[in-house]
Amino acid sequence: MELRFLSVGQSQGEDFDDGMIDKISKVKIQYNKQNIVAIALFYDKRQMYKFHNFCCNAVSKFYFYVQEEEFIIEKDDCKYIAYLDLQQVSGTFDGRYITSLQFATYNGQSAHFKASCLGNQFYIENFGDTFSSCSGSFDTNGLTSLSFKVIPLNSTDQERIQNTILYLSYGSHYPQQYIPQFSQFLNYPQN
């Protein structure tokens, strides 16, 4: 299987690469008035995390007006809805720094981290895939590039996404669909 990467920005400053092959479960972002300053990624099964360019000192955060927020990708309890894998990473890039980031899942959960929002918009997405590891570069003022490794969703998750789309499209007239790992049909009325 060929590895695919989707990226934005130019590599300037220090490089980082997580090198993980697991789904992202939480993203923590630090930003100031101009740029996205730092990113931290937490991974699904290993509960590992990688911090890049983080300002951990409270005095430094206050002095540089750094705000910190996180986006937890929660797992859904409903059996017919796919796990909330990341579907899209978008934001703005001003030619040197990433100035805003937005993360969205297949289920519509999203978070927007706004610094200045100046620059050109970018979208990193590939339907049917989710994001694994992250790499990129940063200097003392912020993130200059981001690149995400894309991994395909397994067939069960793709089936669940299709079922969710059908349910949202047809409502109570949703046709019965069989989900392979479960032993029963979903109890929706026939057309």
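Things worth noting here:
- Enumeration of residues in segment 119-154 that are outside any strand (DSSP E or B) and closer than 23 Å to residue 17 by Cα: 126, 140, 141, 153
- Filter pass, residue 116 being at pLDDT 80 or above, part of a strand (DSSP E or B) and not hydrophobic (A, V, I, L, M, F, W, C): no
- Looking at segment 1-74, the strands (runs of 3 or more DSSP E) lying wholly inside it that each contain 1 or more residues that are charged (D, E, K, R), touching a strand residue (DSSP E or B) at 6+ places or on another chain (Cβ under 9 Å) and at pLDDT below 80 sit at 4-9, 49-52.
- Residues in segment 4-43 that are touching a Phe, Trp or Tyr at 6+ places or on another chain (Cβ under 9 Å) and basic (Lys, Arg): 23, 26, 28, 33.
- Lone unmet requirement of (1) more than 16 Å from the chain's Cα centre (by Cα); (2) surrounded by fewer than 22 Cβ atoms within 10 Å (Cβ to Cβ) for residue 97: (2)
- Test result for residue 157, at pLDDT 80 or above, touching a Phe, Trp or Tyr at 6+ places or on another chain (Cβ under 9 Å), acidic (Asp, Glu) and within 29 Å of residue 18 (Cα to Cα): no
- Going through (1) small (Gly, Ala, Ser); (2) modelled with pLDDT of 80 or more; (3) surrounded by fewer than 17 Cβ atoms within 10 Å (Cβ to Cβ) one by one, residue 90 falls short only on (3).
- Residue 154 vs. criteria without any contact (Cβ under 8 Å) to a residue 12 or more places away in the chain and more than 19 Å from residue 102 (Cα to Cα): yes
The values are calculated or read from the model by the stated rules, or taken from the named source; none is laboratory data. Just so it is clear, the model here is predicted, and its values are computed rather than measured. We place every Cβ from the backbone using ideal geometry, glycine too, and count neighbours over all the protein chains shown.
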